[in-house]
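Okay, so here's the structure we're looking at.
The values are calculated or read from the model by the stated rules, or taken from the named source; none is laboratory data. Worth saying up front: this structure is predicted, and the values here are computed from it rather than measured. Ideal geometry is used to build each Cβ from the backbone, glycine not excepted, and the neighbour counts take in all protein chains shown. Note: accessible area is taken over every heavy atom of the protein model, side chains too, but ligands, DNA and RNA are not part of it. Shrake-Rupley method; radii C 1.70, N 1.55, O 1.52, S 1.80 Å.
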There are 4 protein chains.
Amino acid sequence: MASLAPEIEVLAPVRDSGMTRDKAIAFAEEKELPVNVTSRSPYSIDQNLWGRSCETGHLEDIWEAPHDDVWSYTEDSGVPRDPDELVISFADGAPIAIDGRPLPPLDIITELNARAGAQGVGRVDMVEDRLVGIKSREIYEAPGAIALLAAHSELESVCMELDLSRFKRSAEQRWTELVYDGLWFSPLKSALDAFMAEASRYVTGDVRLRLHGGQAVVTGRRSPVSLYDYGLATYDTGDTFDQSLAKGFVELWGLPSRVAAMREHRAGR
Amino acid sequence: MASLAPEIEVLAPVRDSGMTRDKAIAFAEEKELPVNVTSRSPYSIDQNLWGRSCETGHLEDIWEAPHDDVWSYTEDSGVPRDPDELVISFADGAPIAIDGRPLPPLDIITELNARAGAQGVGRVDMVEDRLVGIKSREIYEAPGAIALLAAHSELESVCMELDLSRFKRSAEQRWTELVYDGLWFSPLKSALDAFMAEASRYVTGDVRLRLHGGQAVVTGRRSPVSLYDYGLATYDTGDTFDQSLAKGFVELWGLPSRVAAMREHRAGR
Amino acid sequence: MASLAPEIEVLAPVRDSGMTRDKAIAFAEEKELPVNVTSRSPYSIDQNLWGRSCETGHLEDIWEAPHDDVWSYTEDSGVPRDPDELVISFADGAPIAIDGRPLPPLDIITELNARAGAQGVGRVDMVEDRLVGIKSREIYEAPGAIALLAAHSELESVCMELDLSRFKRSAEQRWTELVYDGLWFSPLKSALDAFMAEASRYVTGDVRLRLHGGQAVVTGRRSPVSLYDYGLATYDTGDTFDQSLAKGFVELWGLPSRVAAMREHRAGR
Amino acid sequence: MASLAPEIEVLAPVRDSGMTRDKAIAFAEEKELPVNVTSRSPYSIDQNLWGRSCETGHLEDIWEAPHDDVWSYTEDSGVPRDPDELVISFADGAPIAIDGRPLPPLDIITELNARAGAQGVGRVDMVEDRLVGIKSREIYEAPGAIALLAAHSELESVCMELDLSRFKRSAEQRWTELVYDGLWFSPLKSALDAFMAEASRYVTGDVRLRLHGGQAVVTGRRSPVSLYDYGLATYDTGDTFDQSLAKGFVELWGLPSRVAAMREHRAGR
């Protein structure tokens, strides 16, 4: 809001008046303001298309396991049921189809939330750091997001060159920090978005996912622009990889460490 | 080897003579060299205390799901069985006990391999990048390691300050790259080890883990040196966190983005 | 070459035949091949529009100062002469004019090489790490590049938001590593280029530079899209920065360190 | 303070009462409080052993060059004078002697401030980002620090292995951010200190520095634990570097980019 329309003043009356959570609930009840939290349901819940989070109540004792009533988007993974297998297709990093049916992003998330949630996929129970420097224990449910991430990440492994995927890991960590910290519209976020768009140019193909027992497991991947090359990877007869080059590579790769080790011996430390 | 005893020459006869895997197996059979791979068992297997990896054979078709015969350290997570719950204790980042029984590291890995493997925890099926620039599909089983990582990581969330844990993520990525790339004895590895030792000083406490259905799920954590502070985290009456400070923080936190957004509007882009 | 036209085989006869530098020079002289290095001029020199590098000869003794005959693009900064002051204009990160005269990039480098070189700007004497793991001592002259970097970097300080400029530092370090390591056409380089293009969108304005005595010193900067705001930066009457917000910011900024310090005291370490 | 003695409350009366700089000066004059800033000397000055900073006054116009009266620790580099050459010795990263005379750190800084300042070394004129999100123009003088950094950095190039020095650059950037942002006593700072101590173990040797015309230029370096190896670096006869290994290294080094380029051609993008 501050970024999109800086002329609008943001009011945060509960925060700025110093109300505790108890008083804010009492105030809302007294004034008949429509809030879906009552003093009987002790959780503070946020939810949207991507997921659902839950905090406070018994969760504040971080040694206590979450009670069953905190979960809503996901089934209990311990109940025996048949697995669900599906294929997600991606183009340039974005999901475009499930089981061969082209779908808009909204439908992909909705369907994955339903199917992955039904298998108990997507529960997270963690202590995290709020922006203002406080640790907090949160329960998340994000079945569709977690299934998508598993599939997408594995497709990247197939289609993305090593140096790029190593650097992308630190870039995406920074991206998530910015988003978590409320800086979606910041200049750094824009520049990282440009990086991600270029990095994702060849993240195209299909991933087969097995949803079962709380897990989303990749069981196959294929891509018309894969960097996986059967001829290079195999050790079999007909191998197109020139093993003789490996000697020079390995020798020089370790050279700086070897020179440093010789110094260590010489210095007697 | 090159680092510890640079005067010893390393010979790699299979690589340097350009033998394919097929020929190397035939050579070993002909010369009666003891190798536990035959032309009938097509996998290339490495294994040690920490885990087991398996490649080649049908795994080279990355669209094909792993056959059941590739697994050895882990049971099928789809078979219904009772969950196993345990408590791992850590001191300064290292595991020291299971269920209150002090154990040396070797016994901890061994016991966790057995108990987590029995619940199907620790299977990994991935395409990865070998050092020499080739993508390869590998199956890993590391039940003990994966259970330990889940517990350790959550204890860090409780005991480690935010800036440190954010930076540690990039430092540990670099650490794993060095180890994967064969640079265990490199100067950078030593300096990162010193960083990790200091960073782990307060990673002390207990984590309760539920092993079931292929998953190792943290259900509780506690620490005598926790940074989680119930009084700060709660929104309830008696809150010791001064909410009035949050206004100043949030306003100034977003200030640079707001100034940049005003420029964007002014520039009309 | 390997990236642009992978079907063309690269030959490196001197390297692959194991010729030393001495023998290669003798071979070239015998065969009357046109190389501008003779056994009398002992330096190995590379040069292009951006700069000139010089190695070997007496430079291999890294305790010895460079002799005067190694320099070619730059004058001796110790000779007294009048300073040269100029204004470089940038649009979206790229230089577009000198002293108000619009110029194509080639002319900007050429003119800056001449004017900065005449003031002795741009000499570098360093030990560096070649890709193959060997340290080497090199002399560089890059007068235009160093003047441009000084101006560009300061304009970024004026026009770039803090988080972006902090992250850009690690991104540009990686960029330079890739370029030094011969990976100009790599996928990571392309993705970093996309990042840089977006990051540079508002790096627009003028920088006044004083070239004198071997130094390129910024003495002024101005930009129509500056993030420097006189009203915010001053402490004077009429100040538009609400100092009262600073209290909340500073208190919460230091909160995680304070909580960690209280733990340290409690733990008595 | 908040970290060392969290029980002590920090008061910031000028900030918290919302006084402007003008009013604070008037208040101090009225109450006869000893402050060395008057309404006639318009700069806001901070100074200590390491350096001196100066802001406000005409400096708030960032297009205007600094007037001569802002400088105090450094002479005008434009005045012709004889150069000063010195040798700084380091042990494990810390300076221990000048010109062969062992000195405690305090004397090293003091002497370098005097000698480098006399040659005009150490002036910085920059726009920077204050922690609270405001850009500010500052003048710094840090003659000793800048001379030390030049010498230390070059010694690192001689004694530090490549991977370590590349990673150290991002670690030291983070270190400086923490220090600038007031987090000297934070847990991340401690862990980075441990990293730096280990990384500096072999940064031992001498650097010869030429101070002249505002510049501190390294003209020689030597170390008993150098990683620079004349035999490896030269191309001359007797070369101990096996050039034949380079072929394998270079081929495999570029392999991932080559495979990515072949994809690019195939995909026709």
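Across all Cα pairs in region C:21-108, the calculated P(r) in 5 Å bins from zero up to the longest distance comes to 3, 9, 15, 13, 14, 13, 10, 10, 8, 4, 0 percent per bin.
If you take all C-alpha pairs in region C:75-164, what percent of them are over 21 Å apart? The calculated P(r) of region C:75-164 puts 45 percent of pairs beyond 21 Å.
How large a share of the accessible area of region D:128-251, in percent, is made up of carbon and sulfur atoms when the probe is 1.4 Å and the other protein chains stay in place? Provide the component values of the computation, followed by the final result.
Details: 2330 of 4090 Å².
Carbon and sulfur together cover 57 percent of it.
For C:G117, the shell of other residues with beta-carbons less than 14 Å away shows a net charge of -1, using +1 for Lys and Arg and -1 for Asp and Glu. The angle separating the long axis of helix A:255-267 from the principal Cα axis of greatest extent in chain A is about 90 degrees.
Each eigenvalue of the Cα gyration tensor of region B:130-199, multiplied by 5 and square-rooted, gives one semi-axis; in descending order these are 24, 18, 10 Å.
A Cβ-based charge dipole, computed about the Cα centre of region A:110-238 with Lys and Arg at +1 and Asp and Glu at -1, lands at about 220 debye. Counting only alpha carbon atoms, the long axis of helix C:21-30 and the longest principal axis of chain C meet at about 50°. With the convex hull constructed from alpha-carbon coordinates only, region A:98-236 shows a mean projected area of 10.9 nm² over all directions.
When the pairs A:K135/C:K189; A:K23/B:K247; A:K247/C:K135; C:K247/D:K135; A:K189/D:K135 are compared against a 28 Å limit on Cα-Cα distance, A:K135/C:K189 fall above it.
Given in Å, the Rg to one decimal and the Dmax to the nearest whole number for the Cα atoms of region D:21-178 are 18.9, 60. Between B:E177 and D:H67, the simple label model (points 7 Å from Cα in the Cβ direction) yields a spacing of 5.0 nm. With only Cα atoms counted, chain B has Rg and Dmax values of 24.7, 80 Å. Couplings 3J(HN,Hα) of region B:57-68, computed from phi: x, 5, 5, 5, 8, 6, 8, 7, 6, x, 6, 4 Hz, in residue order, whole Hz [Karplus 6.51 cos²θ - 1.76 cosθ + 1.60, θ = phi - 60°; x for Gly and Pro]. Between helix A:187-199 and chain A there is an angle of about 40 degrees, using the helix long axis and the longest principal axis of the Cα atoms. At a probe radius of 1.4 angstrom, the accessible area of region C:1-104 per residue rounds to 62 square angstrom. The charge dipole of region A:43-157, taken about its Cα centre with unit charges on the Cβ atoms of Lys, Arg (+1), Asp and Glu (-1) only, comes to about 220 debye. Shape class for region C:160-231: oblate, because the ratio a/c of the largest to smallest gyration tensor axis (alpha-carbon atoms, square roots of eigenvalues) is 1.5 or more and b/c is at least a/b.
Could you do me a favour and compute the accessible area per residue for region D:123-269, 1.4 Å probe, result in Å²?
Values: 5170 Å² over 147 residues.
On a per-residue basis, region D:123-269 sits at 35 Å².
Mean residue ellipticity at 222 nm from the helices of chain A, using -39,500 (n - 2.57) per DSSP H segment of n ≥ 4 over the full residue count, to the nearest 500 deg cm²/dmol? The partial results should precede the final answer.
Details: 9 runs with 105 residues, N = 269.
My calculation for chain A gives -12000 deg cm²/dmol from helical runs alone.
Count, for each residue of A:102-110, the Cβ atoms from other chains sitting within 10 Å of its Cβ, then give me the mean as a whole number. Show your work: numbers first, answer last.
Values: counts 0, 0, 0, 0, 0, 0, 0, 0, 0.
The shielding value for this peptide is 0.
When a/c reaches 1.5 or more, the comparison of a/b and b/c decides; with that in mind, is the protein assembly as shown rounded, prolate or oblate per its Cα gyration tensor? In terms of gyration-tensor shape, oblate. Amide H contacts of D:W63 (H built 1.01 Å from N, in plane; Pro and chain starts excluded): C:R221 sit under 5 Å, all sequence-distant by 5 or more or on other chains. About its Cα centre, the dipole of region D:112-155 is roughly 80 debye, where the only charges are +1 on Lys and Arg Cβ and -1 on Asp and Glu Cβ. Averaged over the residues of D:49-61, the number of partner chain Cβ atoms lying within 10 Å of the residue Cβ comes to 1.
Between copies, the label points at A:I96 (set 7 angstrom from Cα along Cα-to-Cβ) are spaced 3.6, 5.6, 6.4 nm, reported in nanometres from shortest to longest. Counting, for every residue in B:177-183, the Cβ atoms of other protein chains within 10 Å of its Cβ and taking the mean gives 3.
Quote the FRET efficiency, to the nearest 0.05, computed for C:H58 versus C:E7 with a Förster distance R0 of 30 Å and r equal to the Cβ-Cβ distance.
Working: r = 43 Å, r/R0 = 1.45.
So the FRET efficiency works out to roughly 0.10.
When accessible surface is computed with a 1.4 Å probe, chains C and D are found to bury approximately 7700 Å² between them, both chains counted. In this label model, B:E30 and A:D242 are separated by 2.6 nm, measuring between points 7 Å along each Cα→Cβ vector.
Pairs of Cα atoms under 8 Å, at least six residues apart: use those to get the relative contact order of region A:1-107, whole percent. Please list the in-between numbers first.
Values: 67 pairs, mean separation 10.0, N = 107.
It rounds to 9 percent for region A:1-107.
Each label point was placed 7 Å from the Cα along the Cα-to-Cβ direction; for B:I96 and C:A91 their separation is 6.6 nm.
Taken over region B:61-121, the ratio of Cα radius of gyration to 2.2 N^0.38 Å equals 1.43.
Any idea what the relative contact order of chain D is, in percent, if you count C-alpha pairs under 8 Å spaced at least 6 apart? Please report the intermediate quantities before stating the final value.
Values: 366 pairs, mean separation 50.2, N = 269.
For chain D, the relative contact order is 19 percent.
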